[in-house]
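Participant: Would you mind keeping the following structure in view while I ask a few things?
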Amino acid sequence: MIEEKREKINTIIILSFTFLFIFLMALSKNADYDIFFHLATGKQIVETGSINQLSDPFSLTTSNPMMTTSWLSGVVFYILNNVAGMEGLVVLKAIVITAVFFFMYKNIRTSARHGSADIYICSAVLIVAAYAVRMRMFVRPLIFELLLLSLYIYILNSYRHKGSKLLFALPFLQIIWVNVHPSSILGVALPFLFLVGEGIKYLFNWMPLLDKRGLQSLAWVAVVMIVASMVNPRGYGAILFPFKLTGQEIYMAHIDEWQPLKIMHLIGYGFRYTWGFSLLSLLTVFALLYQWRKTDLTEAMLFCLFMFLALRRVRVIPESVIVMAPIASKGLAEIISRLDLKKLGYKGAINGILIVTLSVVFYMDVLNSKTYAFGLGLKDRVFPAKAVDFLKENNITGNMYNSLGYGGYLMWRLYPRHKVFIDGRIEIYDERLYKDYLDAHSNPDTWKAIAERYDIDWVILEYSRDYAKKERMPHLVGNPDWALVYWDPVATVYVKRGPKNDDIIKRFEYRYARPSDLDFSYIDLYLLHEKDKVGYVIEELKKNNSTNPDNEESYMANAYINYYLGNKNEALRELKKAIEINPNIGFAYSSMGELYREMGDKKMAETAYLKALNIDPSDQLAIAGLKSIRQHSKR
């Protein structure tokens, strides 16, 4: 009795730390664009009282109906945002993600044997699974899909193992699923998959878990769920939507999350995002092979289906993780079932090691993660907040052209005054428009045709050096018909020359300085050939420093000019300002190393070069500079 109580307390302690770790991991600032078109859609539905709107109100380029595949999620997000802001939405995400893992744990406990080591295996598998899902922990309707998927599998497993009456709640849950996320066909497929798997086991007497009556009940529920799936604004179209979407080849070829899983995702740079998935996949396969004589056919079918979907589309990795975690955990428990921790007396030590390990990992990889910013609200330097403030403050008018990723944010901030050219709701846009959009970034003729067809008056483009280089439109640079009027580390704004924009051009145009992805060779034109205009470049860079003091690129451009003019101390000061703003630019450190080396301070030069190489091991300027210093030191 006392031993059972201790076991229960131990389980509570381990699970509490495990779920707290997962909750805090999910408590990351929002860096995903899509939440904003869901907020805009939710607001439109609440304010108009209408779900189905025959013509999308937000877009300049489509007359198709407004997207309603996730309408209920949009309404929930909008209402919560009004009450608690983006901070509240991040907390909601963390709560829902934690609930997903709670039902994964319940799934593990439903079918696994209960040995003294099980809770540690379970905790370890859940942590690995959390890392596998981490790259998709967005404030999106996706969180509700993951919750429902995990709950469905738990209910179906509870039914076949324990005869749980929760099975009959599935049709009601399906009504929710079909209105919160367009993946509801998975909800229909699951009971049929369990029915087939358990039916085969029953027919061939392969360790069946359901008798004939149990199979009949499951069959009736599966059929009723098809009917329940019709309870949504799009009827049967909601169930067929995934087939329609994945049939759009141009979209599928260019949108990252719809790509098939490739080797590049599993090794090199991609490894940091997928190592959890890779490890969990290997553990699951190993578990299935290890106990192949006792393999549960239904579990094997479930694994094969979701592994196939994950291999086909990267975005399905979290769903496959929900399926794999219980299988892997059960298999590992079988493998180490001979280890009795109660007899060995290691439990206290293992608890201490686990808690200390989780605390250290939390501090290093959650609290101080550069990729996933821990905290509430919006992640810095992702959304064009300042650019939109500039547009609103200066009452810009006319039709816009925008980067697809920014479309949702612009809908949320600028509707109804402005309609977007395109946004992430790709299902409402014709593929031809998307192709033209892609071509317009590299083909001046396509861009000119689009600008004329839609009477474009201004352009807002993504400008993050980290992930938005494909959004550059080089034919706007120096184009006599267009003027650059705004530039910060996140976005650039161009306006068409003409009476409508004369005033904003007169006050804000950049004629000489410009964003250049840290390639300042364009300034050589003025430094070498048009020296009388160098002052104008400096003046515009100072103007940018004044309006956007967090734009490290303009400080680095100033450093470039000062270095050429022989003002090395001033160049050094400008570089230090840039590094203070953004300490993750290797080029700034290697440039600083060059300055220190030329000024005779080899120790500071070496330190700067090493920092540059720590950020970018392939930085050739730092490699060459460090080599030069060390060669001179040997003489």
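Participant: Restricting attention to the range 584-635, and to residues there that are hydroxyl-bearing (Ser, Thr, Tyr) and in a helix (DSSP H, G or I), which single residue is surrounded by the fewest Cβ atoms within 10 Å (Cβ to Cβ)?
Facilitator: SER633
Participant: Please enumerate the residues belonging to the range 75-87 that are open to solvent by 10 Å² or more (accessible area, probe 1.4 Å) and of a type outside the set (S, T, N, Q).
Facilitator: From the range 75-87, those open to solvent by 10 Å² or more (accessible area, probe 1.4 Å) are 75-76, 78-87; that's our starting set.
Within the range 75-87, VAL75, VAL76, TYR78, ILE79, LEU80, VAL83, ALA84, GLY85, MET86, GLU87 meet the criteria.
Participant: (1) in contact with a Lys or Arg (Cβ under 7 Å, 6 or more places away or on another chain); (2) modelled with pLDDT of 95 or more: which one isn't true of LEU173, the others all being true?
Facilitator: In the conditions (1) in contact with a Lys or Arg (Cβ under 7 Å, 6 or more places away or on another chain); (2) modelled with pLDDT of 95 or more, LEU173 misses (1) alone.
Participant: OK, next. Would you mind listing the strands (runs of 3 or more DSSP E) fully within the range 438-516 where at least 3 residues are within 26 Å of the chain's Cα centre (by Cα) and either modelled with pLDDT of 90 or more or buried (at least 21 other Cβ atoms within 10 Å of the Cβ) (or both)?
Facilitator: Values: elements: 456-462, 482-487, 491-496.
In the range 438-516, the matching strands (runs of 3 or more DSSP E) lie at 456-462, 491-496.
Participant: Just give me the residues in the range 4-31 being crowded, with 20+ Cβ neighbours inside 10 Å and within 28 Å of TYR78 (Cβ to Cβ), in sequence order.
Facilitator: Within the range 4-31, ILE22, MET25, ALA26, LEU27, SER28, ASN30 meet the criteria.
Participant: Residues of the range 310-325 being assigned to a helix (DSSP H, G or I) and either more than 16 Å from LEU282 (Cβ to Cβ) or in contact with a Phe, Trp or Tyr (Cβ under 6 Å, 6 or more places away or on another chain) (or both), which ones? Before the answer, list the steps.
Facilitator: First, pick out the residues of the range 310-325 that are assigned to a helix (DSSP H, G or I): 310-312, 314-325.
Once the filter is applied, which keeps residues that are assigned to a helix (DSSP H, G or I) and either more than 16 Å from LEU282 (Cβ to Cβ) or in contact with a Phe, Trp or Tyr (Cβ under 6 Å, 6 or more places away or on another chain) (or both), the range 310-325 yields ARG312, VAL314, ARG315, VAL316, ILE317, PRO318, GLU319, SER320, ILE322, VAL323.
Participant: Mind listing whichever residues of the range 417-461 are in contact (Cβ under 8 Å) with a residue 60 or more places away in the chain and within 30 Å of ILE585 (Cβ to Cβ)?
Facilitator: Taking the range 417-461 and keeping what is in contact (Cβ under 8 Å) with a residue 60 or more places away in the chain, we get 419-431, 433-435, 438, 454, 457-458, 460.
Result: GLY424, LEU438, TRP458, ILE460.
Participant: Take the range 181-227 and flag every residue that is open to solvent by 20 Å² or more (accessible area, probe 1.4 Å), basic (Lys, Arg) and touching a helix residue (DSSP H, G or I) at 6+ places or on another chain (Cβ under 8 Å).
Facilitator: Residue satisfying the conditions is LYS212 alone.
Participant: Pick from GLU570, GLU606, GLU594: which is modelled with pLDDT of 90 or more and either under 28 Å from VAL537 (Cα atoms) or of a type in the set (Asp, Glu) (or both)? Full working, then the answer.
Facilitator: Numbers: GLU606 fails: modelled with pLDDT of 90 or more; GLU594 fails: modelled with pLDDT of 90 or more.
Within the list GLU570, GLU606, GLU594, the selection yields GLU570.
Participant: If a residue counts only when it is among the basic types (Lys, Arg) and over 21 Å from PHE102 (Cα atoms), which helices (runs of 4 or more DSSP H) contained entirely in the range 129-213 have at least 1 such residues? Give the steps one after another, and end with the answer.
Facilitator: On the way: elements: 142-162, 170-180, 185-203.
Ranges flagged: 185-203.
Participant: Being closer than 22 Å to ALA624 by Cα and open to solvent by less than 20 Å² (accessible area, probe 1.4 Å) is the filter here, so list the residues in the range 558-578 that pass it.
Facilitator: Selection gives ALA559, ALA571, LEU572, LEU575.
Participant: From the set of residues in the range 46-74 that are in contact with a Ser or Thr (Cβ under 8 Å, 6 or more places away or on another chain) and among the aliphatic types (A, V, I, L, M), which is most open to solvent (accessible area, probe 1.4 Å)?
Facilitator: It comes out as ILE51.
Participant: Right, another one. Quick check on the range 407-414. Is at least one of its residues open to solvent by less than 60 Å² (accessible area, probe 1.4 Å), in a helix (DSSP H, G or I) and closer than 30 Å to THR11 by Cβ?
Facilitator: Scanning the range 407-414 turns up no residue that is open to solvent by less than 60 Å² (accessible area, probe 1.4 Å), in a helix (DSSP H, G or I) and closer than 30 Å to THR11 by Cβ.
Participant: Looking at this structure, is THR110 outside any helix (DSSP H, G or I), farther than 17 Å from TYR372 by Cβ and touching a Pro at 6+ places or on another chain (Cβ under 9 Å)? Walk me through how you get there before you give the answer.
Facilitator: Numbers: outside any helix (DSSP H, G or I): no; farther than 17 Å from TYR372 by Cβ: yes; touching a Pro at 6+ places or on another chain (Cβ under 9 Å): yes.
Answer is no for this residue.
Participant: Restricting the search to the range 356-404, which residues are of a type in the set (Val, Ile, Thr) and open to solvent by 60 Å² or more (accessible area, probe 1.4 Å)?
Facilitator: Here is the first cut: in the range 356-404, the residues of a type in the set (Val, Ile, Thr) are 356-357, 360-361, 366, 371, 382, 388, 396-397.
Hits for the range 356-404 are VAL356, THR357, VAL360.
Participant: Would you confirm whether or not the range 139-152 contains a residue that is open to solvent by 20 Å² or more (accessible area, probe 1.4 Å), closer than 17 Å to MET104 by Cα and not aliphatic (A, V, I, L, M)?
Facilitator: yes
The values are calculated or read from the model by the stated rules, or taken from the named source; none is laboratory data. Here the structure is a predicted model, which is why all the values come from computation and not from measurement. Cβ sites come from the backbone with ideal geometry, for glycine too, and all protein chains shown count toward neighbours. Just the protein is used for accessible areas: all its heavy atoms, side chains included, with ligands, DNA and RNA removed. Shrake-Rupley method; radii C 1.70, N 1.55, O 1.52, S 1.80 Å.
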